[in-house]
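Enquirer: Attaching a single structure in structure tokens format; questions to follow.
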Amino acid sequence: METRNAAQKIEPAYLEKAISYEAYIALIAGLLAQGRTTGPDQSEAMVHYTQLNQQRMHRLNKVTEVLPEAEMLIRSISSPQTWLVLTEAWCGDAAQSVPVMHALAALNPLIELKFLLRDENLPLMDRYLTGGTSRSIPKLIGLDTTTSEELFTWGPRPAPLQAIFLQMKADGVEYHHAKEELQRWYNKDKTVTIQRELSAIAGA
């Protein structure tokens, strides 16, 4: 899902404390070495989700092949953009999309990819609620690097998958089963929809 709203600007303090993709990966590895994850919930389940996500991100970092049409759109970007991502290490949707964001951003030196942890930045997160109520992540905020003005947003999931998720929620599907269905969709899609959505909106 994506939107455009050029009315908002992001304060410099958020951008100054945001970290690179490499630092984000290192943060997760360091926390897992201590049996921990990001955020206030340090339960065994959340640490387990983080371990799974680390494996997924590692795999996607190795196997993601950028679509030619996505590469063309990303390389066509001629003004500096900052892609600011609100996320957490335990988030399954983030594990599927964050490596794709990295692969795309790496194609154009005008794009800087940076990360903030959601639960440490709730005032910013609350400007980007999904459906006006949910702190769903990941949330990518595309900015004009020069002015810090919002160019676009994307997240928490590809549009067709979000529609499936909302329907399952409306039908009362248990969250555990919904998560399994989401994972099957991601496995089948092989990052194609994420690539197409992100490149289309960033390169527009």
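The values are calculated or read from the model by the stated rules, or taken from the named source; none is laboratory data. Owing to the predicted nature of the structure, the values given are computational and were not obtained by experimental measurement. Heads up, the Cβs are rebuilt from the backbone with ideal geometry, glycines too, and the neighbour counts pull from every protein chain shown.
Enquirer: Taking Ile141, is it at negative phi, in contact (Cβ under 8 Å) with a residue 24 or more places away in the chain, surrounded by 20 or more Cβ atoms within 10 Å (Cβ to Cβ) and touching a Pro at 6+ places or on another chain (Cβ under 9 Å)?
Expert: Details: at negative phi: yes; in contact (Cβ under 8 Å) with a residue 24 or more places away in the chain: yes; surrounded by 20 or more Cβ atoms within 10 Å (Cβ to Cβ): yes; touching a Pro at 6+ places or on another chain (Cβ under 9 Å): no.
So Ile141 fails the test.
Enquirer: Next question, about the same structure. So which of Glu120, Glu112 ends up being surrounded by 14 or more Cβ atoms within 10 Å (Cβ to Cβ) and without any contact (Cβ under 8 Å) to a residue 12 or more places away in the chain?
Expert: Details: Glu112 fails: without any contact (Cβ under 8 Å) to a residue 12 or more places away in the chain.
Sole residue among the options that is surrounded by 14 or more Cβ atoms within 10 Å (Cβ to Cβ) and without any contact (Cβ under 8 Å) to a residue 12 or more places away in the chain: Glu120.
Enquirer: A further question on this structure: Lys190 passes all but one of (1) in contact (Cβ under 8 Å) with a residue 24 or more places away in the chain; (2) farther than 29 Å from Asp41 by Cβ; which number fails?
Expert: Single failed check for Lys190: (1).
Enquirer: Further question on the same structure: Asp119 is checked against (1) more than 19 Å from Ala159 (Cβ to Cβ); (2) in a strand (DSSP E or B) and fails just one. What number does that condition carry?
Expert: (2)
Enquirer: Would you mind finding the one in Ser43, Ser76, Ser20 that is of a type in the set (Gly, Ala, Ser) and in contact with a Gly (Cβ under 7 Å, 6 or more places away or on another chain)? If you could, list the steps in order and put the result at the bottom.
Expert: On the way: Ser43 fails: in contact with a Gly (Cβ under 7 Å, 6 or more places away or on another chain); Ser20 fails: in contact with a Gly (Cβ under 7 Å, 6 or more places away or on another chain).
Every option except Ser76 fails the conditions.
Enquirer: Okay, next question. Do we find a residue being at pLDDT 95 or above, within 14 Å of Leu117 (Cβ to Cβ) and not aromatic (Phe, Trp, Tyr) anywhere in the range 61-77?
Expert: Among the residues of the range 61-77, not one is at pLDDT 95 or above, within 14 Å of Leu117 (Cβ to Cβ) and not aromatic (Phe, Trp, Tyr), which makes the answer no.
Enquirer: Then there's this: Select from the range 75-105 the residues that are in a loop (DSSP other than H, G, I, E, B), surrounded by fewer than 19 Cβ atoms within 10 Å (Cβ to Cβ) and out of contact with any strand residue (DSSP E or B) (no Cβ under 8 Å at 6 or more places or on another chain) and list them in ascending order.
Expert: Ser76, Ser78
Enquirer: Continuing with this model, one more query. Failed condition for Thr82, given (1) within 21 Å of Gln162 (Cβ to Cβ); (2) in contact with a helix residue (DSSP H, G or I) (Cβ under 8 Å, 6 or more places away or on another chain), with all others met?
Expert: Just one mismatch for Thr82, condition (1).
Enquirer: Tell me, please, whether a residue that is closer than 17 Å to Ala95 by Cβ, basic (Lys, Arg) and under 14 Å from the mean Cα position of the chain (by Cα) can be found in the range 150-157.
Expert: Narrowing the range 150-157 to residues closer than 17 Å to Ala95 by Cβ: 154-157.
Still in the running and basic (Lys, Arg): 157.
Narrowing further to those that are under 14 Å from the mean Cα position of the chain (by Cα): 157.
Taking every residue of the range 150-157 in turn, at least one turns out to be closer than 17 Å to Ala95 by Cβ, basic (Lys, Arg) and under 14 Å from the mean Cα position of the chain (by Cα).
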